[in-house]
Number of protein chains: 2
Amino acid sequence: MSRPDLRLSGLRRYFPILTWSRDYNRTVLTNDLMAAVIVTIMLIPQSLAYALLAGLPAEMGLYASILPLVAYAIFGTSRTLAVGPVAVVSLMTAAAAGKLAAQGTPEYIMAAITLAFLSGLMLLVMGLFRLGFLANFLSHPVIAGFITASGVLIATSQMKHILGVRAEGHNLIDMLTNLIAEIDAINWITLLIGVASLAFLFWVRKGLKPLLLSLGLKPRMADLLAKAGPVIAVALSILVVWLFALDERGVAIVGQVPMGLPPLTSPGFSADLWGQLFGSALLISIIGFVESVSVAQTLAAKKRQRIVPDQELVGLGASNIAAAVSGGYPVTGGFARSVVNFDAGAETPAAGAYTAIGIALAALILTPLLYFLPKAVLAATIIVAVLSLVDFSILRKSWTYSRVDFAAVSATIVLTLTFGVEIGVSAGVALSILLFLYKTSRPHVAEVGLVPGTQHFRNIKRHEVETHDSLVTIRIDESLYFANAAFLQDLIYDRIVCDQPIRDVVLMCSAVNEIDMSALESLEAINTRLDELGIRLHMSEVKGPVMDRLKRSHFLQDMTGEVFLSQYDAHVALTDSTAGNAGQRVTAAD
Amino acid sequence: MSRPDLRLSGLRRYFPILTWSRDYNRTVLTNDLMAAVIVTIMLIPQSLAYALLAGLPAEMGLYASILPLVAYAIFGTSRTLAVGPVAVVSLMTAAAAGKLAAQGTPEYIMAAITLAFLSGLMLLVMGLFRLGFLANFLSHPVIAGFITASGVLIATSQMKHILGVRAEGHNLIDMLTNLIAEIDAINWITLLIGVASLAFLFWVRKGLKPLLLSLGLKPRMADLLAKAGPVIAVALSILVVWLFALDERGVAIVGQVPMGLPPLTSPGFSADLWGQLFGSALLISIIGFVESVSVAQTLAAKKRQRIVPDQELVGLGASNIAAAVSGGYPVTGGFARSVVNFDAGAETPAAGAYTAIGIALAALILTPLLYFLPKAVLAATIIVAVLSLVDFSILRKSWTYSRVDFAAVSATIVLTLTFGVEIGVSAGVALSILLFLYKTSRPHVAEVGLVPGTQHFRNIKRHEVETHDSLVTIRIDESLYFANAAFLQDLIYDRIVCDQPIRDVVLMCSAVNEIDMSALESLEAINTRLDELGIRLHMSEVKGPVMDRLKRSHFLQDMTGEVFLSQYDAHVALTDSTAGNAGQRVTAAD
């Protein structure tokens, strides 16, 4: 199949900006600018909130939304992906940095910056070595389960801000225990602000747009205003806290946010620190990449555009390195924001760069206004955003469809909730690979016989077929490789031990797309054993490429029997059909 | 396929002794006793030598050859497997224990005993949960490469005893560097003994049996004497060292070996120790199991007997636990000894128990005689034994047959030699699984067209076939699951983006044995995207079990197109064959 986009010349391959910038014109500019305005309005409160979730100062959320977006605009292949801080990756950052230092310490911040750098480096290396396929080993149900469980963890982790108490923890049990222990310390004013914000934000999400439409606003305007909901909540709450001096009555506020552009920062380079963060960075990279690429792919397909997953790795890698050198923390492509960007009409990655300019202006001008912003409002923003991620229906769906998938998804959910994000997602991936390896190590194999009056061979257990006492034909419905080589050997030995009058065994290879070296050695061992028992081994319907490879080994010379072009040829040659059919019998379907 | 042996009642399943002991009679007893005598003669010097290789006192080799053999006789399913200390596992024990303590210290011995216990426990658990299939993921070339590299490491590690110097190291570079540094310290008498033993043992192996046969001895007697070669070398060298008091001239000897039956020992139970030994114990368990099961299987098949791999895990687990409580160290089924046992006529696992009695008698009576045994002779025994394991031809064979296998085997050999056994074999396993996952994540997919005048569909790149501009038919030659779900999506999006007049896409599923939930979601996504572009998605030749499962999901209702029983039906329905064939074209083979 042709893949013209992959045949780009070297520079174009690694700098997609060279491709789309050629056709840049005023219409595209207008569309990109419009989308950038909407995304900026949405991103300001989100970036502050996700920094809070990651346990970092609010300004780091803004910094993570400036340079990384510019880097993605240069290196990314998706035209509408909105890169920046996202909920799940922020939670994973908190879990990883929390293992090394306490929140609020310079070591914690250094860990987050180093995490962005390491994760960027890993993504870049994976992209340059085209290892994007690694992400395929996160099965969909495992991702769905992980995102759902993470959503629950994130929402729970924000309850402390809504209640105005201190309660840490990286898993559900710890969080709930700590929250309950603090029940007496609830700050009622904070709780009021939190609950009011939650109610307002839920209403904005469900009820505002229909209301505005019924008031006669144009759909696009109604949409824009609905997206501005969090900004309105932020502005109102700042006003209320400032007017009534609620910060003096125990309402936790964001406080001093430095004004200005992102500072130049350097990640840590100690081998010790890298060693401690390696596993976490790898998980963040892969989860971030999978989340990002799936939304990018969905959006690109809608416009018959395409993304290049390996170049996406480069784009996200560059973004994270940009985050690390400009005071940010790990970023990736966000689901909700990208959809908004797409719906708002973004046509090129330049929209992301314009968003970066918007956020940079906010960092330059608006930061003093954020002083009185209550943390409860940011927590409410997060809760409303992540609850849309929570979807336990995956449990029911996977139960109905496949028990193997159900096992993987339920383990992921339970382990994420009880042991945290890192153990949860690692276990999910390990389990789905293990279950997959298990399945492939026991391929479907059928003993077949001739359907009377035809040249077709079918499973003796399902069909009424002719068989012969001296001939066993085994159809293998899978490629043969090391994982199932031993299985094949066991199976044939079992079959032979059970049945004495056998003289010929035929392996029907119509579904065998490959025979690797382990399987070849198993075939050699089978051939030798059968020979010792006076039984010949034959093969039929071997595919061309498999045959080519077998010819390069000694197996075909050593094989006691023949290779037949078709199973019917084998049947005719090996059963003396004219000689009264001494051993022939017809097996009934059971 | 029927597996009658697996349907044993509970007790018989876990105690194979209950099955074979029923038919035990005098003939079987005589055969087993004869085999036990031969194996005992072979095992006495081997067990001492392998203890030396593991860096343990000589008597631990004897202890590891008593109770473990009895345990295997009760729980094992192979009738001829000879369990006990073996070269590769001894080397791995030295590598693992050497990480925790120096050779000769009580901590080192405790580590070896705990290793046997942990490994026994793991094998037992794997057996009870039927996880024997895990061993299938060691591909044959990786095992072959690992055994070859281990053989080189083992032979090199014994050079210090032949030269009479001190030189440690767990990889080839360390060992050679240390040997060269000690070149001035060579003890020439030791070297003379070592070289003479090597020459004698090689001659025994190659030349003694033909000589004895030409002298008119019966083959069986000649065979027995040839097997006694190492015992003769041991006896002669003891005599020489004692006569000339060579130990006073710097020849390293075995020294005091405690007389008596194995002591009762207890493994360590600290969580810390278990944590440090866990990975090593797992590697030893799996390598030991693979080595053991492959020889057991080969020998069983020769007599139309069979072994039950999951029960073998139980048998080896019991043996290792027995080793741990009786002063031994990790054991497994040895290749050479098992073949000797088989050739000598062993008929039941009782032969192993009789061998245990033989070794127990040796421990009771012969140990004082071992005082003057030079270590150089034991080293020579090891070198001669392991050099038969070394076979670099696997490199050439895998290069010719498959580059993927070659990559795995060469990485295993290079890493084992440069970084030691544990890293070597782990990397080999990881690499072969990774390469396998990579292959399966990119299944063979072909765009097909109708072979004119038939109802057959073939690859448009290989055959001259009819295609239609509005219809794309894609045949997938692999089950669809999470590893290749994304690949399928990419492929179809690419194909669609390239080609505008497409109205129908047919997925031909004749080789799809499974569609897991990730693949189902990919199909749903493909269906939605195609729908948005005004293209219908169809399937053809879907197998029964796959169809059953699809019917339990919403996919079939949501699918824009139809499921066709045969690809030809799809072709007829989707191409308006009567309407002048507007878009039809015949592609030539390229």
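Structure above, values below:
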| item | result |
| --- | --- |
| Extreme residue, positive dipole direction of the range A:279-403, given options A:379, A:389, A:281 (C-beta unit charges) | A:389 |
| For the range B:391-429 and the range B:21-51, distance of Cα centres in Å | 35 Å |
| Sorted by Cβ neighbour density within 10 Å, fewest at the top, the residues A:160, B:303 | B:303, A:160 |
| For the range B:347-419, the fraction of alpha-carbon pairs in successive 5 Å shells from zero, as % | 3, 11, 11, 11, 13, 12, 8, 13, 10, 5, 2 |
| Of the trypsin sites (Lys or Arg not before Pro) in the range A:400-476, those whose Cβ has at most 16 other Cβ within 10 Å and which sit in DSSP loop | A:461, A:462 |
| The protein assembly as shown: translational diffusion in µm²/s, Stokes-Einstein, Kirkwood Rh over Cα pairs, 37 °C, 0.692 mPa s | 96 µm²/s |
| Span-like helix ranges in chain B, DSSP H, alpha carbon extent 27 angstrom or more, Kyte mean at least 0.5 | B:26-53, B:106-128, B:140-163, B:271-302, B:421-441 |
| Magnitude of the charge dipole, the range A:465-526, Cβ model with Lys/Arg +1 and Asp/Glu -1, debye to 20 | 100 debye |
| Label-point separation in nm, residue A:183 to residue A:214, each point 7 Å along Cα→Cβ | 4.0 nm |
| Label geometry 7 Å along the beta-carbon vector: residue B:106 inter-copy distances in nm | 4.9 |
| Ascending list, in nanometres, of distances separating the residue B:177 label from those of the other copies (7 Å, Cα toward Cβ) | 4.8 |
| Projected-area mean, the range A:445-587, by convex hull of Cα positions, square nanometres | 8.0 nm² |
| √(5λ) per eigenvalue of the Cα gyration tensor, the range A:117-256, largest first, Å | 34, 27, 16 |
| Entries of A:543/B:461; A:209/A:375; A:543/B:439; A:439/B:461; A:206/A:227 with Cα pairs more than 23 Å apart | A:209/A:375; A:439/B:461 |
| Of A:179, A:228, A:215, farthest towards positive along the dipole that unit charges on Lys, Arg, Asp, Glu beta carbons give the range A:144-253 | A:215 |
| For the range A:445-587, size of Cβ-based charge dipole, Lys and Arg +1, Asp and Glu -1, in debye | 240 debye |
| Distance from the range A:258-314 to the range B:87-135 (C-alpha centre basis), Å | 41 Å |
| Chain B, rotation onto A, residue closest to that axis via Cβ, with its distance in Å | B:511, 3 |
| Inter-copy separations for residue A:282, label at 7 Å along Cα-Cβ, nm, ascending | 1.2 |
| Gyration tensor (alpha-carbon) shape descriptor, the range B:125-180, a/c threshold 1.5 | prolate |
| Residue-count net charge about residue A:234 - beta-carbon cut-off 14 Å; Lys, Arg +1, Asp, Glu -1 | +2 |
| Cα-based radius of gyration of the range A:241-313 once divided by 2.2 N^0.38 Å, which approximates compact folds | 1.87 |
| Surrounding net charge for residue B:221, when Lys and Arg each add one and Asp and Glu each subtract one, Cβ distance under 13 Å | +3 |
| Taking A:190, B:93 and counting other C-beta atoms within 10 Å, the order from fewest to most | A:190, B:93 |
| Cα centre as origin, Lys/Arg/Asp/Glu Cβ charges: the range A:26-433 dipole, Debye | 1240 debye |
| Debye log10 I(q)/I(0) at q = 0.11, 0.15 Å⁻¹ for the range B:13-82, Cα point scatterers | -0.34, -0.60 |
| Dipole axis of the protein assembly as shown (+1 Lys, Arg; -1 Asp, Glu on Cβ), positive-most option in B:322, A:254, A:165 | B:322 |
| Ranking of B:34, B:92 by count of other Cβ atoms within 10 Å, fewest first | B:34, B:92 |
| Cα gyration tensor category, rounded, prolate or oblate, for the range A:299-401 with a/c compared to 1.5 | oblate |
| Beta bridges by DSSP in the protein assembly as shown, antiparallel share as percent, to the nearest 5 | 55 percent |
| Cα shape, chain A, gyration tensor, a/c 1.5 rule | prolate |
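No lab work stands behind these numbers, since they all come straight from the coordinates. Since this is a predicted model, take the numbers as computed values, not measurements. Glycine also receives a Cβ, built like all others from the backbone with ideal geometry; neighbour counts cover every protein chain displayed.
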